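Engineer: One structure coming up, written as structure tokens, with questions to follow.
The values are calculated or read from the model by the stated rules, or taken from the named source; none is laboratory data. Please read these numbers as outputs of a predicted model, since none were measured by experiment. Methodologically, a virtual Cβ is constructed for each residue, glycine included, from the backbone with ideal geometry; neighbour enumeration extends over all protein chains shown. Surface accessibility is based on the protein's heavy atoms, side chains included, excluding ligands, DNA and RNA. Shrake-Rupley method; radii C 1.70, N 1.55, O 1.52, S 1.80 Å.
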Amino acid sequence: MRFLYYDIDRRGNRLEFIEEYGDFDSRQRPWYKAAMQGRRAIWSEVYLDFTTLLPTITASRPVYSEAGQPLGVCATDVLLPKEFRSFLSSLEIGKTGEAFVMDRSGQIISSSTDEPLTVGEGEAAKLMQATASREPLIRETAIYLKQHFGTWENLRYPIQLDVKLSGQRQYIQVTPFNDGRGLDWLIVVAIPETDFMADINASRRSALGLSLGALGLALGVGLLTSRWLTRPITQVSQAAAAMAEGHLDQTVEASNIQEINRLSTSFNSMSGQLKDTFDALRQSEARNQALLDAIPDLMLEISAAGIYLDGIEAKAGQWLALSVADQMGKSVTDVLPADIAHQYSQAIQQVLQTQVPKILEYELLIGAEEETFEARVVPCSAQSVLFMVRNITERKRAAAEVLREKIFSDTLIDSLPGTFFLYDSDMRLVRWNKQLEQVLGYSGAEIKGINALETICAADRALITDRIQAVFTTGEAQAETRLLTKCGEMIPYLLTGRRVDLNGATYLLGNGLDISERKRAEEALRIAEENYRSIFENALEGLFQSSLEGRFISVNPAMADIYGYDSPADMVTSIINIVTQVYVDPDGREAFKQQLDRDGEVKDVEYRIYRKDGTIIWIEENARAVRNDDGELLYYEGIVQDITQRKQLEAQLKQQVQELQIEIDHQKRAQDVAQITQSGYFQEVQEEIAQVDLEEFWG
């Protein structure tokens, strides 16, 4: 067909003829095939337009009749260097920033620069790889992403990067774009740090110049005024020295210099305030004594010989049988049990010798209950120490309860079927279970503080880095990876992570399940599917699956060949109604479905079908109905053989048998006649007939 260009008006009516491009078959174009094969609205792959030789992408949608027959494809071309680039170049990306779009193979789809998108000329032209771009920022950015993530397929989530390229810091954002209709691109924006820092650096230089000027001016003024200020300042200094010696009644005369006058006034005011301060100090001593009296601890001063010298009663209650007043002048051996008194005496001697505080912890029987006490021993004088005794029974009980809870939680975590781990924001391991140690082969001391990526095989680290970012960004993530043990073994694991906030810090809490068995099962299933696919593709018999509505879901090459189609895809696409397009006798399809619904299968059923070219052949079919676990009918599948030649041979054989039967009947009759004519009776009758005079007999 011819390809003609016309101008059209706003309603789509054809106006003036523009030009003709000669023969053109749209059915061979990639956008047409993509729409017909996908049977939905779809984007084509990026291709070079045959008229402009420019990178183009086409949005196409198939159009069908009410009967479901394909009528054609509606399509719209988008010239990437024109429409797409004009949009990108209009964006304000700093001063020297650049944006570009590439596909998953690394080819540049469009960019905000004027750089050509293709390399080569004529029919040899092809899209340029981003890593081969002549624009340094695009090229270096693409090379960094390729090296950092290994493959473009690993970029599945939006990321922001701060990297150095060619010695300059760049800010990079990568955003995956997938519209579900065939577009799977990466949108990359790169902005140099200098775009943001140019104005700031200029302001810094200006501020530095102004500061240096102000400093020089201040030094000059200072040198001129220093002598003028020296004399009154000396007076203030002398008055301050007198106050330091204890003469608080000091005053400074007023000065003609306003600032010195203010200093003199301030000095005179300070002198009065200093007197007030001494009065306040005496009041503070009284307050400190009141605070000391309010301390809940039992405070005791004990001499080097172990004699109680002084003390303050504990405000929390009577702990001992004797009051503090009753203990004064007594020895620790008179008041305390022998073992505890011995601890007191040792602590007194040690603190007096080392002048270093010491803490004792001991238990006393108070009434009917044993209670725990803590004594903080500090030096008080050269021959005495101060004991601050506190009842810590409740605290010890609470600590014991916390310890029991920890033991319980550790036991619970260690009993989990998989691995358990808790990483801090730097991805350092802070909590784990025994299962993780056993799986990785590390001891508790070795695994403490280990980085998360050190336990992941190198090929999966980019993926796990992305999932870790997802946890801290979205709250949770999941990934299949291979754990790397201490001895280098790789074990398939399903890891699940969740962000948790504990005591003002953010952690990654997760667990892992060994999926080795599942992976082996998946591998076995994959091999089985490959074997099935090989059998399906290479079988000499026709294999098919068909829907309940009368369409083929899938056929193998042998099936397409039997029915006269170029390929399985051609057959599946072309036949939209098996009853009207395949069966010579449409009633046979209904009988076929009824038997399948009743018996679940049909065997050795023979019927005639139409091939693609309209010829009729005989086939033999074995089929079964496929149902789900609930018994719901899903589809039909079966095996088909072309028995046309066998049918022809059977017809020929039947005709030959019939002809042979006729010949045998003739031969048998001839044999019967011969037997009769050769018998003695027939000979006697014949002789008698011969002797008869026929004229006389009839006369």
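Engineer: Answer yes or no as to whether residue 447 is surrounded by 13 or more Cβ atoms within 10 Å (Cβ to Cβ), over 30 Å from residue 145 (Cβ atoms) and of a type in the set (A, V, I, L, M).
Structural biologist: Details: surrounded by 13 or more Cβ atoms within 10 Å (Cβ to Cβ): yes; over 30 Å from residue 145 (Cβ atoms): yes; of a type in the set (A, V, I, L, M): yes.
So residue 447 fits the description; yes.
Engineer: Being outside any strand (DSSP E or B) and farther than 19 Å from residue 572 by Cβ is the filter here, so list the residues in the range 64-78 that pass it. Spell out how you get there, then give the answer.
Structural biologist: Of all residues in the range 64-78, those outside any strand (DSSP E or B) come to 65-69.
Answer for the range 64-78, where residues must be outside any strand (DSSP E or B) and farther than 19 Å from residue 572 by Cβ: just 66.
Engineer: Check the range 82-93 and report whether any residue there is of a type in the set (D, E, K, R), open to solvent by 10 Å² or more (accessible area, probe 1.4 Å) and part of a strand (DSSP E or B). Can you show your working first?
Structural biologist: Within the range 82-93, the first condition is being of a type in the set (D, E, K, R), and the residues that meet it are 82-83, 85, 92.
Among the residues that remain, those that are also open to solvent by 10 Å² or more (accessible area, probe 1.4 Å) are: 82-83, 85, 92.
From the residues that got through so far, the ones that are part of a strand (DSSP E or B) too are none.
Checking the range 82-93: not a single residue is of a type in the set (D, E, K, R), open to solvent by 10 Å² or more (accessible area, probe 1.4 Å) and part of a strand (DSSP E or B).
Engineer: Go through (1) open to solvent by 20 Å² or more (accessible area, probe 1.4 Å); (2) within 28 Å of residue 460 (Cβ to Cβ); (3) among the polar types (S, T, N, Q) one by one and return the number of the condition residue 96 breaks.
Structural biologist: Here residue 96 meets the rest and fails (2).
Engineer: Return the residue satisfying two criteria in turn: it lies in the range 465-488 and is without any contact (Cβ under 8 Å) to a residue 24 or more places away in the chain and closer than 27 Å to residue 445 by Cβ, and of such residues it is farthest from the chain's Cα centre (by Cα). Reasoning before the result, please.
Structural biologist: At the first step, the residues of the range 465-488 found to be without any contact (Cβ under 8 Å) to a residue 24 or more places away in the chain are 465, 473-474, 476-479, 488.
Those still in the list that are closer than 27 Å to residue 445 by Cβ too: 465, 488.
Values: 465: 9, 488: 25 Å.
Selected residue: 488.
Engineer: Also: What is the one condition in (1) within 20 Å of residue 122 (Cα to Cα); (2) at pLDDT below 80; (3) in contact with a strand residue (DSSP E or B) (Cβ under 8 Å, 6 or more places away or on another chain) that residue 82 does not satisfy?
Structural biologist: So the condition that residue 82 fails would be (3).
Engineer: Please work out if residue 396 is basic (Lys, Arg), within 14 Å of residue 308 (Cβ to Cβ) and out of contact with any Cys (no Cβ under 8 Å at 6 or more places or on another chain). First the steps, then the outcome.
Structural biologist: Values: basic (Lys, Arg): yes; within 14 Å of residue 308 (Cβ to Cβ): no; out of contact with any Cys (no Cβ under 8 Å at 6 or more places or on another chain): yes.
No; evaluated as a whole, the condition is false for this residue.
Engineer: Residues in the range 380-399 that are open to solvent by less than 40 Å² (accessible area, probe 1.4 Å) and without any contact (Cβ under 8 Å) to a residue 40 or more places away in the chain: how many?
Structural biologist: 2
Engineer: Okay, moving on. For the range 413-429, check the following and say yes or no: at least one residue is charged (D, E, K, R) and open to solvent by less than 40 Å² (accessible area, probe 1.4 Å).
Structural biologist: Residues of the range 413-429 that are charged (D, E, K, R), as a first pass: 414, 424, 426, 428.
Restricting the remaining residues to those that are open to solvent by less than 40 Å² (accessible area, probe 1.4 Å) gives 424.
The answer is yes; a qualifying residue exists.
Engineer: Right, next: Of the residues that sit in the range 307-327 and are open to solvent by 60 Å² or more (accessible area, probe 1.4 Å), modelled with pLDDT of 65 or more and not in a helix (DSSP H, G or I), which one is nearest to residue 367 (Cα to Cα)?
Structural biologist: Initial filter on the range 307-327 (open to solvent by 60 Å² or more (accessible area, probe 1.4 Å)): 309-310, 313, 315-316, 318, 321, 325-326.
When the remaining residues are screened for being modelled with pLDDT of 65 or more, the result is 309-310, 313, 325-326.
Among the residues that remain, those that are also not in a helix (DSSP H, G or I) are: 309-310, 313.
Details: 309: 26, 310: 25, 313: 19 Å.
Restricting to residues being open to solvent by 60 Å² or more (accessible area, probe 1.4 Å), modelled with pLDDT of 65 or more and not in a helix (DSSP H, G or I), the top hit is 313.
Engineer: For the range 57-69, check the following and say yes or no: at least one residue is under 34 Å from the mean Cα position of the chain (by Cα), open to solvent by less than 40 Å² (accessible area, probe 1.4 Å), closer than 30 Å to residue 171 by Cβ and not hydroxyl-bearing (Ser, Thr, Tyr). I'd like the intermediate steps shown before the answer.
Structural biologist: Quick first cut of the range 57-69, residues under 34 Å from the mean Cα position of the chain (by Cα) only: 57-61.
Filter once more, so that each one left must be open to solvent by less than 40 Å² (accessible area, probe 1.4 Å): 57-60.
Going one step further and asking which of them are closer than 30 Å to residue 171 by Cβ, we end up with 57.
Retained after the next criterion (residues that are not hydroxyl-bearing (Ser, Thr, Tyr)): 57.
Checked against the condition, which is being under 34 Å from the mean Cα position of the chain (by Cα), open to solvent by less than 40 Å² (accessible area, probe 1.4 Å), closer than 30 Å to residue 171 by Cβ and not hydroxyl-bearing (Ser, Thr, Tyr), the range 57-69 yields at least one hit.
Engineer: Among the numbered criteria (1) surrounded by fewer than 17 Cβ atoms within 10 Å (Cβ to Cβ); (2) within 30 Å of residue 637 (Cα to Cα), which one does residue 487 miss?
Structural biologist: (2)
Engineer: Okay, next question. Among the residues in the range 460-470, are any assigned to a helix (DSSP H, G or I) and under 27 Å from residue 406 (Cβ atoms)?
Structural biologist: The initial filter retains those residues of the range 460-470 that are assigned to a helix (DSSP H, G or I), namely 460-470.
Narrowing the set further to residues that are under 27 Å from residue 406 (Cβ atoms) leaves none.
There is no residue in the range 460-470 that is assigned to a helix (DSSP H, G or I) and under 27 Å from residue 406 (Cβ atoms).
Engineer: Among residues belonging to the range 490-514 that are charged (D, E, K, R) and more than 18 Å from the chain's Cα centre (by Cα), point out the one that is most open to solvent (accessible area, probe 1.4 Å). Walk me through how you get there before you give the answer.
Structural biologist: Taking the range 490-514 as the starting set, the residues that turn out to be charged (D, E, K, R) are 498-499, 501, 514.
Filter once more, so that each one left must be more than 18 Å from the chain's Cα centre (by Cα): 501, 514.
Numbers: 501: 109, 514: 89 Å².
Selected residue: 501.
Engineer: Output the residue which, of all residues in the range 526-546 that are out of contact with any helix residue (DSSP H, G or I) (no Cβ under 9 Å at 6 or more places or on another chain) and among the small types (Gly, Ala, Ser), is nearest to residue 639 (Cα to Cα).
Structural biologist: My answer is 534.
Engineer: Specify the residue that is most open to solvent (accessible area, probe 1.4 Å); the eligible residues are those in the range 30-44 that are part of a loop (DSSP other than H, G, I, E, B) and in contact (Cβ under 8 Å) with a residue 24 or more places away in the chain.
Structural biologist: Step one: of the range 30-44, the residues part of a loop (DSSP other than H, G, I, E, B) are 39-41, 44.
Then keep just the ones that are in contact (Cβ under 8 Å) with a residue 24 or more places away in the chain; that gives 40-41, 44.
Working: 40: 107, 41: 18, 44: 9 Å².
Out of the qualifying residues, it is 40.
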